[in-house]
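A quick write-up on the structure given underneath.
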Amino acid sequence: MIQKGNFLLLELSEFRSWLQKQKVTRSIKGLQVHHTGAPNYTTRKMVNGIAQQDHFKCLEGMRDFHINTNKWKATGQHLTLFEDGKVGVSLDRDLNMTPACIYNNNAGYVGIEIIGCFDKGVDTMTTIQREATVHLYAALCEKFYVPVNTDKIVYHAWYSASGTKLGDYLPGRSSKACPGTAFFGDGNTVAAANKNFIPQVKAELDRLRSNTPSATPIEIKPKDDEPMTDAEKQQMATLEKTVKQQADWIKAEKAKANMECPSWAKPAYDYYKDYISDTTGSYDFWRQLVINYRKDNGIKVSK
Ligand SMILES: [Zn+2]
């Protein structure tokens, strides 16, 4: 969880517990579904599925547009869902405030923007964002007791520009195609929503309520640049110690390969020195010399 400027950035795995702690006194009757259109995967500078643009830069960009161009008092949406499953929380649009997302139809709703343009032929939602979308809506339904159906989870496209509830996407009458003509791979109609999106949110909500672990865990893998845990530090210390011990052993073995006469072999060396051309030898050489010396002088070892 990172806070910077006007936003809080949550890992998807942090979202549900964060949400459960929020004190929301406003009555919530439903959830809106939007795509951002722009920003999208292109403006996020996606390379091999990873956006190069900073999350906070993207969030502040939207806020700036909402305040300075749209002349709204704050960021329009409460929550922004990124292509990598991270969730941006608008600190200037508290969950107790009404969002500014669907003209005349914001009271009692939570405004959620999904980063991307999910119109046909534009962005294809990443797998993680798809799973994150399902989880995020399920967690919101759990928190606010929102029934999982197309009356309560509504697409922007089901409203006209003047705020009339059309009840479905009607090209030419709908204010926008949002959340996209290919949203969730199915489209932006009520039938499309009932095909995969709504059933998957229902299944995820059941899973959350029964506390069963996710088949595909939503926990984000730790990044390489994250600090080591205590267990990892311990492992690293043990490994360093082993490497040091091995280095010492190698050094000692090397020293034994060509050593000056050790004190315990001194009498043997003195006895044989006229037959030895140099003053150094291996550990085994000095041992053998001592054995020969004892043999020559009738010195038996007591056992
Ligand atoms: Zn929208």
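Please label the shape of the range 2-210 as rounded, prolate or oblate, based on the square roots a ≥ b ≥ c of the eigenvalues of the alpha-carbon gyration tensor (a/c under 1.5 means rounded; beyond that, a/b larger than b/c means prolate, else oblate).
In terms of gyration-tensor shape, rounded.
Collect residues whose amide H, placed 1.01 Å from N in the peptide plane, falls under 5 Å from the amide H of M46; neighbours closer than 5 in sequence don't count.
Excluding prolines and chain starts, which carry no amide H, the hits are Q52.
Are any of the pairs K71/K143; K57/K86; K23/K71; K251/K295 more than 22 Å apart by Cα-Cα distance, and if so, which? Don't skip to the end; give the middle numbers.
Details: K71/K143 31 Å; K57/K86 14 Å; K23/K71 28 Å; K251/K295 32 Å.
Those over the limit are K71/K143; K23/K71; K251/K295.
Debye calculation, C-alpha points only, no solvent: report log10 I(q)/I(0) for the range 143-199 at q = 0.13 Å⁻¹, in the same order as the q values.
So the normalised log intensities are -0.30.
Among DSSP beta bridges whose residues both lie in the range 1-159, state the antiparallel percentage, nearest 5.
Just about 55 percent of them are antiparallel.
Angle check, please: helix 283-296 long axis (alpha carbons) against the longest principal axis of the chain (alpha carbons), in degrees 0 to 90, nearest 10.
It works out to around 20 degrees.
Rounded, prolate or oblate: which one fits the range 57-102, using the alpha carbon gyration tensor with axes a ≥ b ≥ c (rounded when a/c is under 1.5, else prolate when a/b beats b/c, else oblate)?
Because a/c hits 1.5 or more and a/b fails to exceed b/c, the range 57-102 counts as oblate.
For a protection proxy built on the mean count of beta-carbon atoms within 10 angstrom, sort 128-134, 199-205 highest first, please.
Top to bottom by mean Cβ count within 10 Å: 128-134, 199-205.
Whole-Hz Karplus ³J(HN,Hα) for the range 64-79, in order, using 6.51 cos²θ - 1.76 cosθ + 1.60 and θ = phi - 60°, x for Gly and Pro?
These are the phi-based 3J(HN,Hα) values: 4, 5, 5, 7, 8, 9, 7, 6, 7, 7, 7, 3, x, 8, 7, 10 Hz.
Tell me, how many Å apart are the Cα centres for the range 62-109 and for the range 167-190?
Spelled out, the Cα-based centre of one part sits 20 Å from the other.
Quick one: which residues, 5+ away or cross-chain, put their amide H under 5 Å from the amide H of D168? H built at 1.01 Å from N.
Under 5 Å from the amide H of D168: no residue qualifies.
Show me the ranking of peptides 30-42, 231-243 by mean Cβ neighbours inside 10 Å, starting with the highest.
Working: 30-42: 20.7, 231-243: 10.4.
So the order, starting with the most tightly packed, is 30-42, 231-243.
Using θ = phi - 60° and the Karplus relation 6.51 cos²θ - 1.76 cosθ + 1.60, list the HN-Hα couplings for the range 29-37 in order, rounded to whole Hz, with x at every Gly or Pro.
Couplings: 9, x, 10, 9, 10, 9, 9, 7, x Hz.
Given a 1.4 Å probe and heavy atoms of the protein chains only, how would you sort L95, L170, largest accessible area at the top?
Greatest to least solvent exposure: L170, L95.
If I take R0 = 45 Å and measure r between the Cβ atoms of W72 and K233 in this structure, what FRET efficiency does the formula 1/(1 + (r/R0)^6) give, to the nearest 0.05?
For R0 = 45 Å, the calculated efficiency reads 0.40.
Can you find, among A139, A247, A265, the residue sitting farthest towards the positive end of the charge dipole of the chain, where Lys and Arg contribute +1 and Asp and Glu -1 at Cβ?
Farthest towards the positive pole: A139.
Summarise the accessible area of the range 230-296 (1.4 Å probe, protein heavy atoms) by the percent that is carbon and sulfur.
Taking all protein chains in place, the range 230-296 shows 53 percent carbon and sulfur surface.
Count the DSSP beta bridges whose two residues both fall in the chain, then state the antiparallel fraction as a percent rounded to the nearest 5.
Antiparallel bridges: around 60 percent, rounded to the nearest 5.
Just to check I understand the Karplus step: with θ = phi - 60° and J = 6.51 cos²θ - 1.76 cosθ + 1.60, what whole-Hz values come out for the range 174-190, glycine and proline as x?
Running phi through 6.51 cos²θ - 1.76 cosθ + 1.60 with θ = phi - 60° gives 5, 5, 8, 8, 3, x, x, 5, 10, 4, 6, x, 10, x, 10, 8, 5 Hz.
Collect residues whose amide H, placed 1.01 Å from N in the peptide plane, falls under 5 Å from the amide H of H34; neighbours closer than 5 in sequence don't count.
I112, I114
The values are calculated or read from the model by the stated rules, or taken from the named source; none is laboratory data. What you are looking at is a predicted structure, and each value in this text was computed from that prediction instead of being measured. Backbone-built Cβ (ideal geometry, glycine too); neighbour counts: all protein chains shown. We work out accessible area using only protein heavy atoms, side chains counted, and drop any ligands, DNA or RNA first. Shrake-Rupley method; radii C 1.70, N 1.55, O 1.52, S 1.80 Å.
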